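Participant: I have a structure I would like to understand better, so I am pasting it below and will then ask my questions one at a time.
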Amino acid sequence: MKINKIAILLLAILSTISCKKEAEGDYSEEEITTASANFNATLEEWFEEDLEESPMLQTRMGKKTNYGKWDDFSRQKEAEDLKKAKTRLKYLKNDVKQASLDKETLLSYRLYRQEMENAIEDYEYRFYNYPINQMHGYHAELPAFLINMHKVESVEDARAYISRLHGLQKVFDEIIKGIKLREQNGILPPQFAFERVLDASRNVIRGKPFATSKESSALLQDFQEKIQELQLTNEEERKLLAEAEDALVSSVKPAYEDLIAALEDQQQRATTDHGAWKFPKGDKYYKLALKRTTTLDLTANEIHEIGLSEVARIHGEMEKIMEEVGFEGSLQDFFEFMRTDEQFYYPNSKEGKERYLEEATAIIDSMRNRLDDLFLTKPEADIVVKAVEPFRERSAGKAFYQQPALEGSRPGTYYANLYDMNAMPVYQMEALAYHEGIPGHHMQIAIAQELENIPSFRKFKNYQAYVEGWGLYSELVPKEIGFYEDPYSDFGRLAMELWRSCRLVVDTGIHAKKWTREQGIDYYKQNTPNPESDCIKMVERHIVMPGQATAYKVGMNKILELREEAKLDLGEDFDIREFHDVILLNGALPLNILEENVYKWVESKRE
């Protein structure tokens with residue numbers, strides 16, 4: 001295998017250290033088995049402790065313990081988490097003998113220790129985010145949590161829902177304290193974000209029972225639909241509905257009004273400075289953000305250059321498709337054709353949206369029938385395709401995935417944002433379905449949750465370069481077994497890879513090179529076929545989530561690099577199904593550890 005010299009040296013050093021520790025420890029097989037079991041038990045105890053502190057994670061996992069409660073959003077919780085991380089790290093360093101652990105448990109040790117070290121290092125930058133932003137703000141995500149996660153299968157569940165409605169006021173009090181504290185520390189969202197989040201916040205408290213209206217608010221409608229499934233008497237249903245309306249008016253409404261007032265106050269001081277460089281120690285923070293996102297030691301300049309190189313390569317592949325379909329003109333002309341020709345878009349109507357969802361489902365089902373060609377291991381959890389709910393569709397991302405419940409009560413969900421059908425071209429439908437569904441996020445996340453040989457904490461890890469790298473890699477894999485028969489659909493695949501490549505350029509441009517918002521938008525408009533609305537939304541995402549968007553292409557490139565090295569080394573012995581098992585059957589991993597695992601697999605195949 002053509003492994004670079006640094007990787008060879010690293011592996012040699014790790015091997016030497018491991019052998020030295022084994023020699024020093026001289027543990028028997030029985031002692032290793034016992035020590036590994038004990039350490040895994042400790043990891044489970046810690047996971048259960050953390051789970052007990054998170055009613056929301058309990059709900060996501062399909063549990064109904066603490067069902068009427070929210071997580072703790074206070075500053076005190078952050079301080080307690082830091083103390084806990086230091087205590088656990090001390091135990092890991094002083095009380096666990098690495099040489100006494102088997103290989104799988106040693107990997108868990110390394111991952112957990114890294115997690116604690118990162119938590120301690122990141123504490124300095126705990127205010128360097130925007131809890132209320134147009135992409136993933138609590139103002140939209142907490143109602144979405146109730147609608148999508150809180151199942152109502154009994155009267156007790158309904159009362160727990162009402163309890164959570166009442167609890168939103170305390171949650172928002174803590175969130176408001178948090179955003180005010182961030183401003184005191186020089187962390188204030190950019191001007192454009194306020195209009196988006198204020199509009200979304202006002203949407204939550206529109207309609208009944210907040211005002212006289214024919215239409216119910218999103219939360220009231222959700223609650224009403226859920227209790228109707230319980231087949232209660234008219235009196236029981238009426239009573240629950242009255243209690244929910246009271247909670248919405250007495251708790252939810254003032255919670256949102258307080259948040260809106262706080263945001264309107266901050267809006268007056270917001271600026272058009274957009275990069276992380278504007279923060280105190282902003283350069284150091286962004287460097288750390290890139291490291292956490294990519295799990296590699298890449299500088300902003302290196303990531304920027306990778307992006308420029310990939311953009312140029314993909315433009316070349318797109319020009320070949322232009323020739324294939326007989327298009328005459330420049331690449332920019334072709335982009336304009338793909339942006340504007342009606343054949344590539346469904347109408348912005350109920351019928352158009354239903355057709356999109358039906359066809360996206362059919363694409364996933366078709367891919368499902370070919371999984372045996374690519375995978376030895378497949379998830380048991382099912383997947384469904386849904387439209388993003390109206391109350392949050394205007395500000396939500398283009399598409400995203402929600403993991404299934406651990407015990408199987410809720411399938412995985414691919415959410416497509418159909419607010420503006422002109423932003424969801426048909427030619428990108430295939431690649432998008434593969435990314436969010438099968439073989440993308442659903443395969444990776446559902447398989448990780450269903451693994452039985454790893455500690456629970458590893459089933460829910462989200463190393464973004466791994467997770468999103470797999471998603472983007474999953475857009476390419478179907479082409480290799482005959483999908484994307486329509487050249488325009490293959491152009492859509494390239495367009496989405498191009499989009500992720502541009503992200504490397506623009507994210508580093510904004511946060512390291514002081515690009516303006518307008519420069520970022522112009523770069524996307526000049527280099528991609530996406531509509532201007534996409535370009536604006538993407539740049540605004542870069543601004544409020546520094547570094548996050550670099551995960552996709554960096555992760556994909558690493559997986560492809562490892563696959564090509566393994567193919568070259570193994571020749572006819574290379575089996576892509578085994579390779580995918582190596583990638584997926586340890587749960588999400590930092591890319592440097594994923595690399596080690598692939599190298600070890602290759603060596604084991606050669607023995």
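The values are calculated or read from the model by the stated rules, or taken from the named source; none is laboratory data. Computed from a prediction, not measured in an experiment: that's the story for all the values here. Because the Cβ atoms are built from the backbone with ideal geometry, glycine has one as well, and the counts that use them run over all protein chains shown.
Participant: Does at least one position in the stretch 508-522 carry a residue that is touching a Cys at 6+ places or on another chain (Cβ under 7 Å), farther than 26 Å from L376 by Cβ and either touching a residue at least 24 places away in the same chain (Cβ under 8 Å) or not basic (K, R) (or both)?
Facilitator: Here is the first cut: in the stretch 508-522, the ones touching a Cys at 6+ places or on another chain (Cβ under 7 Å) are 521.
From the residues that got through so far, the ones that are farther than 26 Å from L376 by Cβ too are 521.
Next, from what is left, pick out any that are either touching a residue at least 24 places away in the same chain (Cβ under 8 Å) or not basic (K, R) (or both): 521.
Yes, the stretch 508-522 contains at least one residue that is touching a Cys at 6+ places or on another chain (Cβ under 7 Å), farther than 26 Å from L376 by Cβ and either touching a residue at least 24 places away in the same chain (Cβ under 8 Å) or not basic (K, R) (or both).
Participant: While we're looking at this one, here's another question. Go through the stretch 362-385 and give me each residue that's surrounded by fewer than 15 Cβ atoms within 10 Å (Cβ to Cβ) and either of a type in the set (G, A, S) or part of a strand (DSSP E or B) (or both).
Facilitator: Across the stretch 362-385, the qualifying residues are A362, S366.
Participant: Among the residues in the stretch 449-464, are any in contact (Cβ under 8 Å) with a residue 24 or more places away in the chain, crowded, with 24+ Cβ neighbours inside 10 Å and not assigned by TED's automatic domain parsing to the domain that holds E115?
Facilitator: no
Participant: What number of residues within the stretch 414-436 are within 20 Å of G352 (Cα to Cα) and either free of Cβ contacts under 8 Å to residues at least 60 places away in the same chain or within 18 Å of the chain's Cα centre (by Cα) (or both)?
Facilitator: First, pick out the residues of the stretch 414-436 that are within 20 Å of G352 (Cα to Cα): 414-433.
Filter once more, keeping what is either free of Cβ contacts under 8 Å to residues at least 60 places away in the same chain or within 18 Å of the chain's Cα centre (by Cα) (or both): 414-417, 419, 431-433.
The total comes to 8.
Participant: Give E257, E264, E237 a once-over and let me know the one that is assigned by TED's automatic domain parsing to the domain that holds N203, touching a Leu at 6+ places or on another chain (Cβ under 9 Å), assigned to a helix (DSSP H, G or I) and closer than 23 Å to F194 by Cα. Steps first, please.
Facilitator: Numbers: E257 fails: touching a Leu at 6+ places or on another chain (Cβ under 9 Å); E237 fails: closer than 23 Å to F194 by Cα.
Residue meeting the stated conditions: E264.
Participant: Hey, any hits in the stretch 80-90 for a residue that's among the aliphatic types (A, V, I, L, M) and buried (at least 16 other Cβ atoms within 10 Å of the Cβ)?
Facilitator: yes
Matching residues to (1) of a type in the set (D, E, K, R); (2) part of a helix (DSSP H, G or I); (3) at pLDDT 95 or above; (4) closer than 30 Å to K226 by Cβ:
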{"residue": "G62", "(1), (2), (3), (4)": "no, no, no, yes"}
{"residue": "N66", "(1), (2), (3), (4)": "no, no, yes, yes"}
{"residue": "K84", "(1), (2), (3), (4)": "yes, yes, yes, no"}
{"residue": "Y109", "(1), (2), (3), (4)": "no, yes, yes, no"}
{"residue": "M116", "(1), (2), (3), (4)": "no, yes, yes, no"}
{"residue": "P131", "(1), (2), (3), (4)": "no, no, yes, yes"}
{"residue": "E153", "(1), (2), (3), (4)": "yes, no, yes, yes"}
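Participant: If you go through the stretch 564-581, how many residues are in contact with a helix residue (DSSP H, G or I) (Cβ under 7 Å, 6 or more places away or on another chain) and surrounded by 18 or more Cβ atoms within 10 Å (Cβ to Cβ)?
Facilitator: Taking the stretch 564-581 as the starting set, the residues that turn out to be in contact with a helix residue (DSSP H, G or I) (Cβ under 7 Å, 6 or more places away or on another chain) are 566, 569-570, 573-574, 579.
When the remaining residues are screened for being surrounded by 18 or more Cβ atoms within 10 Å (Cβ to Cβ), the result is 566, 579.
Qualifying residue count, the stretch 564-581: 2.
Participant: Name, by its number, the condition in (1) part of a helix (DSSP H, G or I); (2) basic (K, R); (3) modelled with pLDDT under 95 that does not hold for R202.
Facilitator: Against the list (1) part of a helix (DSSP H, G or I); (2) basic (K, R); (3) modelled with pLDDT under 95, R202 comes up short only on (3).
Participant: Within the stretch 359-367, does at least one residue satisfy the condition of being under 21 Å from the mean Cα position of the chain (by Cα) and not polar (S, T, N, Q)?
Facilitator: yes
Participant: Is it the case that some residue within the stretch 462-480 is modelled with pLDDT under 95 and over 13 Å from L585 (Cα atoms)? Step through it out loud before you land on a result.
Facilitator: Going through the stretch 462-480, the residues modelled with pLDDT under 95 turn out to be 462.
Those still in the list that are over 13 Å from L585 (Cα atoms) too: 462.
Yes.
Participant: For residues that are touching a residue at least 40 places away in the same chain (Cβ under 8 Å) and small (G, A, S), scanning just the stretch 553-607, find the one that is nearest to T293 (Cα to Cα).
Facilitator: G555
Participant: A follow-up question, please. Does P209 fit the bill of being in contact (Cβ under 8 Å) with a residue 12 or more places away in the chain and either surrounded by fewer than 18 Cβ atoms within 10 Å (Cβ to Cβ) or under 25 Å from Y419 (Cβ atoms) (or both)?
Facilitator: no
Participant: What pairs come out if I take residues in the stretch 30-57 that are closer than 30 Å to N148 by Cβ and pair them with residues that are among the acidic types (D, E) and modelled with pLDDT of 95 or more whose C-beta lies under 6 Å away, six or more apart or interchain?
Facilitator: Final answer for the pair search is S54/D71; M56/D71.
Participant: List the number of the failed condition for P546; all other conditions in (1) in the same structural domain as F491 (by TED's automatic domain parsing); (2) assigned to a helix (DSSP H, G or I); (3) touching a residue at least 60 places away in the same chain (Cβ under 8 Å) hold.
Facilitator: Unmet condition: (2).
Participant: Sticking with this one: Applying the selection to the stretch 212-243, what residues are out of contact with any strand residue (DSSP E or B) (no Cβ under 8 Å at 6 or more places or on another chain) and touching a residue at least 24 places away in the same chain (Cβ under 8 Å)?
Facilitator: Within the stretch 212-243, A218, L219, D222, F223, K226, I227, E229, L230, L232, E236, L240, E243 qualify.
Participant: Separate question: Which residue is surrounded by the most Cβ atoms within 10 Å (Cβ to Cβ), if the candidates are limited to the stretch 97-134 and must be in contact (Cβ under 8 Å) with a residue 60 or more places away in the chain and among the hydrophobic types (A, V, I, L, M, F, W, C)?
Facilitator: In this case the residue turns out to be I132.
Participant: Within the stretch 418-435, track down each residue that is out of contact with any strand residue (DSSP E or B) (no Cβ under 6 Å at 6 or more places or on another chain) and in a loop (DSSP other than H, G, I, E, B).
Facilitator: Y419, D420, M424, P425
Participant: Return the residues of the stretch 64-89 that are over 24 Å from the mean Cα position of the chain (by Cα) and without any contact (Cβ under 8 Å) to a residue 40 or more places away in the chain; say none if nothing qualifies.
Facilitator: Across the stretch 64-89, the qualifying residues are T65, N66, Q76, A79, E80, K83, K84, K86, T87, L89.
Participant: Shifting gears a bit: Identify, by number, the condition in (1) of a type in the set (A, V, I, L, M, F, W, C); (2) in the same structural domain as P531 (by TED's automatic domain parsing); (3) not in a loop (DSSP other than H, G, I, E, B) that I438 doesn't meet.
Facilitator: (3)
Participant: For A289, are the conditions met, namely being touching a residue at least 24 places away in the same chain (Cβ under 8 Å), over 25 Å from N557 (Cα atoms), in a helix (DSSP H, G or I) and aliphatic (A, V, I, L, M)? Walk me through it before giving the result.
Facilitator: Numbers: touching a residue at least 24 places away in the same chain (Cβ under 8 Å): yes; over 25 Å from N557 (Cα atoms): no; in a helix (DSSP H, G or I): yes; aliphatic (A, V, I, L, M): yes.
Against the criterion (touching a residue at least 24 places away in the same chain (Cβ under 8 Å), over 25 Å from N557 (Cα atoms), in a helix (DSSP H, G or I) and aliphatic (A, V, I, L, M)), A289 does not qualify.
Participant: From the list G492, G571, exactly one residue is in the same structural domain as D333 (by TED's automatic domain parsing), small (G, A, S) and either touching a Leu at 6+ places or on another chain (Cβ under 7 Å) or in a helix (DSSP H, G or I) (or both). Which is it? Talk me through it step by step, then tell me what you get.
Facilitator: Details: G571 fails: in the same structural domain as D333 (by TED's automatic domain parsing).
It is G492.
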